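Asks: Right, I'll just put the structure down here and ask away after.
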Amino acid sequence: MALPKLKRVLLKLSGEVLMGTQQGGIDPAFVMELAQEVKAAKDTGLEICLVIGGGNIFRGVAGAAQGMDRAQADYMGMLATVMNALAMQNALEQIGVQTRVQSAIQMDTVCEPVIRRRAERHLEKGRVVIFAAGVGAPYFTTDSGAALRAAEMKCDALLKGTSVDGVYDSDPKRNAAAVRFDTVTYDRVLADNLKVMDASAVALCRDNQIPIVVFSIREQGNLARVLAGEGVQTIVQGS
């Protein structure tokens with residue numbers, strides 16, 4: 001099933017994608033490639049919000065697993081997402097795309113606070129809005145932050161660009177026989193723990209009827225193909 005015509009979308013990128021071929025950190029050349037993809041999508045008339053994870057710099061869950069206080073580790077992870085947001089803003093503005101970063105943790109010298117009506121005005125003016133620092137509280141992932149912002153901004157879809165080309169019935173990296181879904185319901189994702197996003201994010205999208213589109217952002221031009229209803233993807237939606 002194809003998506004209805006989209007006017008406003010939220011693009012969620014995993015932080016690991018910004019590493020490019022590196023082992024960690026930010027690859028400016030690959031971030032520029034991603035920025036070109038976002039610009040091409042915006043040039044079709046779409047209004048675009050962005051949320052970027054922080055796993056290329058620091059992941060709160062990983063820090064907690066090594067003995068750090070979970071809340072402290074999560075705050076560090078939120079700061080990592082701000083760094084990624086600023087890197088993406090820099091790349092977008094180098095190619096002429098006006099961009100605003102809004103952070104759930106207030107840091108006025110580098111970005112705006114999250115103010116919904118201001119974000120809406122930015123979108124109306126043709127700017128890309130990058131939401132950083134998750135929901136501003138520990139114990140919530142950037143997936144939950146993306147779902148929250150997608151609902152708050154009344155987005156028509158949440159596009160999740162990852163290293164995998166969709167949702168599978170098992171881990172395709174471990175099981176060569178894993179089967180990819182073209183479409184799958186929110187309830188199936190939750191019941192079978194299919195690891196699309198964390199459960200709270202999927203439930204929030206279900207409750208607000210926001211389709212989740214999972215695709216590989218690493219393939220050049222794939223975002224445009226997915227938005228055109230082509231390319232390899234999985235759509236998570238209601239029954």
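Asks: Check the stretch 173-185 and report whether any residue there is modelled with pLDDT of 95 or more, surrounded by 15 or more Cβ atoms within 10 Å (Cβ to Cβ) and either in a loop (DSSP other than H, G, I, E, B) or of a type in the set (A, V, I, L, M) (or both).
Replies: yes
Asks: Something else about it: Which condition does Cys205 not pass, out of (1) more than 15 Å from the chain's Cα centre (by Cα); (2) assigned to a helix (DSSP H, G or I), if it passes all the others?
Replies: Status for Cys205: all satisfied but (1).
Asks: Report the residue count in the stretch 187-201 for those that are surrounded by fewer than 22 Cβ atoms within 10 Å (Cβ to Cβ) and either touching a residue at least 24 places away in the same chain (Cβ under 8 Å) or touching a His at 6+ places or on another chain (Cβ under 7 Å) (or both).
Replies: Qualifying residue count for the region: 5.
Asks: Ok, one more. Wholly within the stretch 1-103, which helices (runs of 4 or more DSSP H) include no fewer than the required count, namely at least 2 residues that are touching a Pro at 6+ places or on another chain (Cβ under 8 Å), in contact (Cβ under 8 Å) with a residue 40 or more places away in the chain and surrounded by fewer than 20 Cβ atoms within 10 Å (Cβ to Cβ)?
Replies: Fully inside the stretch 1-103 and qualifying: 70-94.
Asks: Could you list, in sequence order, all residues of the stretch 185-203 that are within 30 Å of Gln36 (Cα to Cα) and either among the hydrophobic types (A, V, I, L, M, F, W, C) or out of contact with any helix residue (DSSP H, G or I) (no Cβ under 9 Å at 6 or more places or on another chain) (or both)?
Replies: Val196, Met197, Ala201, Val202 - these are the residues of the stretch 185-203 that are within 30 Å of Gln36 (Cα to Cα) and either among the hydrophobic types (A, V, I, L, M, F, W, C) or out of contact with any helix residue (DSSP H, G or I) (no Cβ under 9 Å at 6 or more places or on another chain) (or both).
Asks: Further question on the same structure: Go through the stretch 137-167 and give me each residue that's part of a loop (DSSP other than H, G, I, E, B) and in contact with a helix residue (DSSP H, G or I) (Cβ under 6 Å, 6 or more places away or on another chain).
Replies: Of everything in the stretch 137-167, just one residue is part of a loop (DSSP other than H, G, I, E, B) and in contact with a helix residue (DSSP H, G or I) (Cβ under 6 Å, 6 or more places away or on another chain), namely Pro138.
Condition check ((1) in contact with a Phe, Trp or Tyr (Cβ under 9 Å, 6 or more places away or on another chain); (2) over 26 Å from Arg70 (Cα atoms); (3) at pLDDT below 95) across all residues:
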position: Phe131; (1), (2), (3): no, no, no
position: Thr141; (1), (2), (3): no, no, yes
position: Ala146; (1), (2), (3): yes, no, no
position: Thr162; (1), (2), (3): yes, no, yes
position: Arg225; (1), (2), (3): yes, yes, yes
position: Glu230; (1), (2), (3): no, yes, yes
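The values are calculated or read from the model by the stated rules, or taken from the named source; none is laboratory data. Owing to the predicted nature of the structure, the values given are computational and were not obtained by experimental measurement. For neighbour counting, all protein chains shown are included, and Cβ atoms are generated from backbone atoms with ideal geometry for every residue, glycine included.
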